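Enquirer: Dumping the structure here so I can ask a few things about it.
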Amino acid sequence: MGYSGAVLRFISLPAEAPMQAEAVYDKWIAMLEKISGEDPVMHQWRYAYGEQGISIDVHERNRVINDAIKPEKKFDPKYSGEGLISFTSRGNFSPEEKKYYYIENGFSWGGERPGAFFIDTGLLKKADWPNYWKVFANCLRHLSSIMPPLWADVAPQRYRPHAVFPHREWVGWMALVPDVDLSNEMPFVAMAEYLPNIGTLIVTTKDPFDPDNEEHIKLARATEVFLADRGLLPERGM
């Protein structure tokens, strides 16, 4: 992947009941495996184990789960391995990237709050990558086949100050709006695709989203206004 700076956020429904750490881990691994074919840096994920942050494969199930439980117990001594828990990983380096270029991932779920899965490409290099917007769009498709989304978006960190509503979610480059079909209502965006039984996947531009490009900002902001006018742009921190 040649794009640096995009953050994919996928917000899912809360767990129906407090979940065991093992069940949250299994869901996390299913999500990582679902997107693993989209780009070389997503092909192999590593977990930072222990205080030294030793890199181990995320599939070392028992080691990863036991290590992830430790900070939860430190925060809440009554934590028994059931409820909200977080897992983090780093994407494997692609052949053309140097050692210190990677993507970051995190997943928190299992309690009363909505789940949150993210991918941050901020530590990748910039390089030419034709149609790499498809990587992010396909990731949203894949993730939504694993868990129903409450909301999802893809945007560079630097876009966020440009968002129209400081109290609502932003769109930026892409968004996944659940439970509605807007595929014939948004001619001003590059793509509005209805995903049956999921919602509408919106891509504001197929060019690399540039927070310094006024046209890209206008498209993103117009999309946010369009959604807000229809009650489809949720409050931040839902």
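We did not get these values from a lab; they are worked out from the coordinates using the rules stated. In this text, all values refer to a predicted model and were calculated from it rather than measured experimentally. Positions of Cβ are backbone-derived with ideal geometry, glycine not excepted, and every protein chain shown enters the neighbour counts.
Enquirer: Mark the label point 7 Å from the Cα of GLU214 along Cα→Cβ and return the residues of segment 138-162 whose backbone N is within less than 17 Å of it.
Expert: 162, by backbone N distance to the label point.
Enquirer: Which value in deg cm²/dmol, rounded to the nearest 500, describes the helix-derived mean residue ellipticity at 222 nm for the chain, given -39,500 (n - 2.57) per DSSP H run of n ≥ 4 and division by the residue count?
Expert: -8500 deg cm²/dmol
Enquirer: So for each of 58-65, 222-229 I average, over its residues, the number of other beta carbons within 10 Å; can you give me the resulting order with the highest mean first?
Expert: Final packing ranking: 222-229, 58-65.
Enquirer: Taking the Cα centre of segment 156-238 as origin, work out the dipole magnitude from +1 charges on Lys and Arg Cβ and -1 charges on Asp and Glu Cβ, in debye rounded to 20.
Expert: Charge dipole of segment 156-238: 220 debye, to the nearest 20.
Enquirer: Cα axis of helix 133-146 to longest principal axis of the chain: angle in degrees, 0 to 90, nearest 10?
Expert: Tilt relative to the chain: about 60 degrees.
Enquirer: Quick one: which of LYS34/LYS70; LYS73/LYS134; LYS74/LYS134; LYS34/LYS78; LYS34/LYS73 span more than 32 angstrom between C-alpha atoms?
Expert: LYS73/LYS134; LYS74/LYS134; LYS34/LYS78
Enquirer: Which is farthest toward the positive dipole end of the chain among MET19, VAL58, ILE217, measuring Cα position about the Cα centre, with Cβ charges +1 (Lys, Arg) and -1 (Asp, Glu)?
Expert: VAL58
Enquirer: Enter the angle in degrees (range 0 to 90, nearest 10) between the Cα long axis of helix 61-75 and the first principal axis of the Cα atoms of the chain, meaning the one along which they spread out most.
Expert: 90 degrees
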